[in-house]
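Structure first, commentary second.
FYI, it's all coordinate maths here, none of it is from the lab. Fair warning: this is a prediction, and the values are worked out from it, not measured in the lab. Every residue, glycine among them, receives a Cβ derived from its backbone with ideal geometry; neighbour counts consider all protein chains shown.
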Amino acid sequence: MNMEQGSLSINSENIFPIIKKWLYSDHDIFFRELISNGCDAITKLKKLELVGECTLPEDNEFKIQVYVNPEEKTLTFIDNGIGMTADEVKEYINQVAFSGATDFLNKYKDKANEDQIIGHFGLGFYSAFMVAHKVCIDTLSWQEGAKAVHWESDEGVDFMMGDSDWSERGTKITVYLNEDSYEFCNEYRAKEVIEKYCSFMPVPIYFKNENAVEEEAEEEESFDETEETSDSEVIDAEVSEDGTAKETEKKEEKKGSKPLNNTNPLWLKHPNDCTEEEYKEFFRTAFHDYKEPLFWIHLNMDYPFNLKGILYFPKINTEYDSIEGVIKLYSNQVFIADNIKEVIPEFLMLLKGVIDCPDLPLNVSRSALQNDGFVKKISDYITKKVADKLSGMCKVDRENYEKYWDDINPFVKFGCIKDEKFRDKIKDYIIFKNLDKKYITLKDYLESAKKPEEETVKEEQTVEETDTQEQEKKKTIIYYVTDEQQQSQYINMFKEEGIDAVILTHRIDQPFISQLERDNETVKFQRIDADLTESFKEDLSKEDSDALKQEAETLTNLFRKALNKEKLEVKVEKLKNDKISSIVTLSEESRRMQEMMQMYNMYGMDPSAFGNQETLILNANNTLVKYVFEHQEGEHTNLFCEQLYDLALLSNKPLSPEAMTKFIERSNEIMLLLAK
């Protein structure tokens, strides 16, 4: 055998160490590169047949075969595609980084559609040297009279090339794994990687463990014996949806005749041709998630770019920071990566889905995107389709939209915060659950509030306008609840006065309402325990007001002394509901600032520096408050003051462990007094 020897022609100095160590972040990606190169080779041959350049046998079946040999520590990849001549091997393999796909397209650009050509044959092939100490190629070109070629290289620097006894059209690549990479010749590890990268490649991929021949032969024989089954056994066999006995599928899989991949994934079908069960089954298969998705969006676009895919809205009724989605990005059914932020808007990464876009400008590793304005257009398109789906559902399928809202609202609100275009499209379709458990829009709330409250908020003018003057703007207050159980006393007060509020219990709600306030300067969100509206108070004459001021002064001093809180702010009001003894309010601004400080762990700072602290409001119409006022020097007055304060706090926030212990002890003491 005549063998040619030489050194590989490297286009850039020291490029191979870079390819080997840094070009691909994940070493298992060589599976994808070698298999997708095989897909490219088959695609090229299909193009040649299509344009009349070659004629294939009638029984031709395009396929890719992957063999593992744990004993020999080898992997073999075989395709029956276009193959290579000796000159092509020299050009495509010996000259690293020369793109065979580019050359092929230039040659057939007038006859072939380039949509299906993925490859950068050359660098992709050399990814094998990340895990191999030696790689061999045996290839036979499709061209009539071509001779098979053998090529091999140790460590990807020097090569040997000559004739081969390979007799089948296409290419066989044998990878001799290095000591650090023996894991990849393990049958289960190899299948795992193929599933990761190649589950939907357009050519069937067949897998075989070469060291399991005897075992498989025994299994085949046992299957042959089971073929002689009785009619009753056939009737009892499980039947799949298409009517085929599952036993047959199992047998085919055992014999290795069933491909590992699905060559026609659901996203390639037209949405009108897909059933609900097919969407759900694809969700289970692709994401190994057996909780049914809420609904989905089927993307199907041909112009101005080719993009197909399916986005699922999973059931995510959980805390915002624990939501994890995954969107798999493909190019011509070849897996590229998960959650590429340049293509997928950040807020959409809470979803699960697949997107296949052959037009994406990938770099040579197919693992990252070049900086291209075209990518932004794709991202904008996906955002628009999601917004259209949600707004359309709200308009024509409101019942289901409301049913899904508790699950999807964190995603929608996160999108509004992160993406201005999405916010503009969806803002009129954001709904809120009110105190009656009905879903309303912001507009509904503002229009239907029976007793809208207005707060005058002073906003400073800019320096350009004036340094000393202030202008006043009236804002409509939107009341909200963050904890229905904790704030139940306030909720009851609101219901009694016919004032509505919305339920905002999710962690995302605080930044979301801040965004709403920035977008709409006429509204202000205020938690229902932030202040007392005038609706809860009795109308007082001037004489009653003066008397109430004196009572407030007395009770303030009394409670400050009893509670040992010299700076405690106390207000005394005559509330319409005399059963309410005391409540605590904390201004919206102070509470938001405290939450922000906690978020950034600024515990060393004094919250009072950023606004008023909590205010204790005592109801002058309540019997207990009257008792305290009338028995200022009483034996148990301090005890009642402490109890009224803790009762007020309990309806506002949880007590600290120490405070709760004292509250329970004090409650027992008060009951003992009543028992005497």
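Positive contributions from Lys and Arg (+1) and negative ones from Asp and Glu (-1), summed over other residues with Cβ under 10 Å from the Cβ of PHE422, come out at +2.
Computed packing ranks the peptides 616-624, 271-279 as 616-624, 271-279, most packed first, by mean other Cβ atoms within 10 Å. Note on ASN306/GLU187: beta-carbon distance plugged into 1/(1 + (r/R0)^6) with R0 of 35 Å gives a FRET efficiency of 0.45. Over the stretch 395-452, the reciprocal of the mean inverse Cα-Cα separation, the Kirkwood hydrodynamic radius, stands at 12.4 Å.
Legend: distances between Cα atoms for LYS395/LYS474; LYS403/LYS576; LYS567/LYS626; LYS377/LYS438; pairs beyond 29 Å are LYS395/LYS474; LYS403/LYS576; LYS377/LYS438. Compared with the direct C-alpha span, the chain from MET160 to GLU346 gains 62.1 nm at full extension, assuming 0.36 nm per residue.
Using r as the Cβ-Cβ distance of THR476 and LEU674, and R0 as 35 Å, what FRET efficiency do you calculate, to the nearest 0.05? E(calc), rounded to 0.05, equals 0.15.
Measuring r between the beta carbons of THR522 and THR275 and using R0 = 56 Å, the FRET efficiency lands at 0.75.
Summary of packing: across the peptides 282-293, 33-44, 404-415, 490-501, the per-residue average of other C-beta atoms within 10 Å ranks them, highest first, as 33-44, 404-415, 490-501, 282-293. Sorting the segments 524-530, 126-132, 58-64 by their mean number of nearby beta carbons within 10 angstrom, highest to lowest, gives 126-132, 524-530, 58-64. For ILE327, the residues whose amide H sits under 5 Å from its own are ASN339, GLY353, ignoring neighbours fewer than 5 places away on the same chain, with H placed 1.01 Å from N. The 3J(HN,Hα) values that the Karplus relation (6.51, -1.76, 1.60; θ = phi - 60°) gives for the stretch 419-426 are, in residue order, 10, 5, 5, 5, 4, 4, 7, 10 Hz. Gly and Pro appear as x. Using the structure shown, list the pairs from LYS315/LYS376; LYS341/LYS524; LYS63/LYS269; LYS376/LYS425; LYS269/LYS352; LYS191/LYS258 with a Cα-Cα distance above 24 Å, or answer none. Among LYS315/LYS376; LYS341/LYS524; LYS63/LYS269; LYS376/LYS425; LYS269/LYS352; LYS191/LYS258, the Cα-Cα distance tops 24 Å for LYS315/LYS376; LYS341/LYS524.
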